[in-house]
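Here is the structure we will look at, set down as C-alpha cells.
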C-alpha cells in the first residue's frame, strides 16, 4: 500500500473512533487505533492516550516512529499500548491495528482465560476474516494475561502470536480485542466480524449453550 497522507489517515482514525463509540466498543477513554504511514522511515499514525473516542478529532492523532517517539511537536502522548501496535506490525506485516473494549470481548476473555484461547467455529460470519472462505473454519483467538508493564505484555503477545500463526486477533484478559489488517478498512471489517461473533457466543452461553452446533 502506498504511504497515505497523515491528515487523511487521521480523519479516518477519528471517524472509526466515533463509529466504534456509537456501538459501545470503546466507551470512556478505552481503545486505541493506528495505521502505518510509511516504511522508510517508519512512521505510524496513532490515537493519543486518554482520548474519548466518541469525540476524537483528526487533529488529536499523533505521528510516531518505530520506537514510539512522537514526530514533531504535537501535543499529547501516544496510547499507553503503542508497543503492542508496533509489535503487531512487525509480526504480522499489518498496516492498521485496532483495539476495542467491548462488553462481550471483555467477558469472554475472562471466561475462557483458563483455556488460554477462545475457539470459534461454524459461523457464517467467519468468512469476513481475511483469507477465510467457508463457515467450516476453526478460528483460535489467543488470550493473553493483562499486564501494566507494556514491555512485558508486548513480549507475551509476541510469544502467543508465535504459537498461533494463523490467528486474526487476540484478546487481553479482562481488557479487550486486538485485530489488524492490510488496510484500515480491512482491520475495521475484522473488528465488526469478531465483535459480532463475541456477542453471538456470549448470548448463547447465557442460555447454557457454550458451543455452536
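Checking 37, 56, 62, 13 one by one, the residue that is on the phi < 0 side of the Ramachandran plot, under 18 Å from the mean Cα position of the chain (by Cα), surrounded by 14 or more Cβ atoms within 10 Å (Cβ to Cβ) and without any contact (Cβ under 8 Å) to a residue 24 or more places away in the chain is 62 and no other.
From the list 197, 171, 161, exactly one residue is touching a residue at least 40 places away in the same chain (Cβ under 8 Å), surrounded by 21 or more Cβ atoms within 10 Å (Cβ to Cβ) and in a helix (DSSP H, G or I). Which is it? So that I can check it myself, show each step before the final result.
On the way: 171 fails: in a helix (DSSP H, G or I); 161 fails: surrounded by 21 or more Cβ atoms within 10 Å (Cβ to Cβ).
Within the list 197, 171, 161, the selection yields 197.
Residue 128 - would you say it is in contact (Cβ under 8 Å) with a residue 60 or more places away in the chain, more than 15 Å from the chain's Cα centre (by Cα) and exposed (fewer than 15 other Cβ atoms within 10 Å of the Cβ)? It is false that residue 128 is in contact (Cβ under 8 Å) with a residue 60 or more places away in the chain, more than 15 Å from the chain's Cα centre (by Cα) and exposed (fewer than 15 other Cβ atoms within 10 Å of the Cβ).
Residue count for region 93-125 under the criterion of being under 13 Å from residue 168 (Cα atoms) and in contact with a helix residue (DSSP H, G or I) (Cβ under 7 Å, 6 or more places away or on another chain): the result is 6.
Among the residues that make up region 136-149, is at least one of them farther than 22 Å from residue 94 by Cα, at pLDDT 95 or above, part of a strand (DSSP E or B) and touching a strand residue (DSSP E or B) at 6+ places or on another chain (Cβ under 7 Å)? Checking region 136-149: not a single residue is farther than 22 Å from residue 94 by Cα, at pLDDT 95 or above, part of a strand (DSSP E or B) and touching a strand residue (DSSP E or B) at 6+ places or on another chain (Cβ under 7 Å). Just so you know, in region 69-91 the residues that are touching a residue at least 60 places away in the same chain (Cβ under 8 Å), in contact with a helix residue (DSSP H, G or I) (Cβ under 7 Å, 6 or more places away or on another chain) and within 23 Å of residue 20 (Cβ to Cβ) include one that is surrounded by the fewest Cβ atoms within 10 Å (Cβ to Cβ), and it is 80.
If I filter region 107-125 down to residues being in contact with a strand residue (DSSP E or B) (Cβ under 6 Å, 6 or more places away or on another chain) and either in contact (Cβ under 8 Å) with a residue 60 or more places away in the chain or part of a loop (DSSP other than H, G, I, E, B) (or both), which single residue comes out as surrounded by the fewest Cβ atoms within 10 Å (Cβ to Cβ)?
Within region 107-125, the first condition is being in contact with a strand residue (DSSP E or B) (Cβ under 6 Å, 6 or more places away or on another chain), and the residues that meet it are 108-109, 112-113, 116-121.
Next, only the ones that are either in contact (Cβ under 8 Å) with a residue 60 or more places away in the chain or part of a loop (DSSP other than H, G, I, E, B) (or both) stay: 108-109, 112-113, 116, 118, 120-121.
Values: 108: 24, 109: 24, 112: 19, 113: 17, 116: 15, 118: 23, 120: 21, 121: 13.
My answer is 121.
When each of 138, 155 is tested for being without any contact (Cβ under 8 Å) to a residue 40 or more places away in the chain and either buried (at least 19 other Cβ atoms within 10 Å of the Cβ) or under 17 Å from the mean Cα position of the chain (by Cα) (or both), the lone residue that passes is 155.
Is it fair to say residue 94 is modelled with pLDDT of 95 or more and touching a strand residue (DSSP E or B) at 6+ places or on another chain (Cβ under 6 Å)? Don't jump to the end; show me each part of the working.
Numbers: modelled with pLDDT of 95 or more: yes; touching a strand residue (DSSP E or B) at 6+ places or on another chain (Cβ under 6 Å): yes.
It is true that residue 94 is modelled with pLDDT of 95 or more and touching a strand residue (DSSP E or B) at 6+ places or on another chain (Cβ under 6 Å).
Counting only residues that are in contact with a strand residue (DSSP E or B) (Cβ under 9 Å, 6 or more places away or on another chain), within 19 Å of residue 110 (Cα to Cα) and not in a strand (DSSP E or B), region 174-190 holds 1 of them.
The values are calculated or read from the model by the stated rules, or taken from the named source; none is laboratory data. The structure presented is a predicted model; accordingly, all values stated were derived computationally and were not measured. Ideal geometry is used to build each Cβ from the backbone, glycine not excepted, and the neighbour counts take in all protein chains shown.
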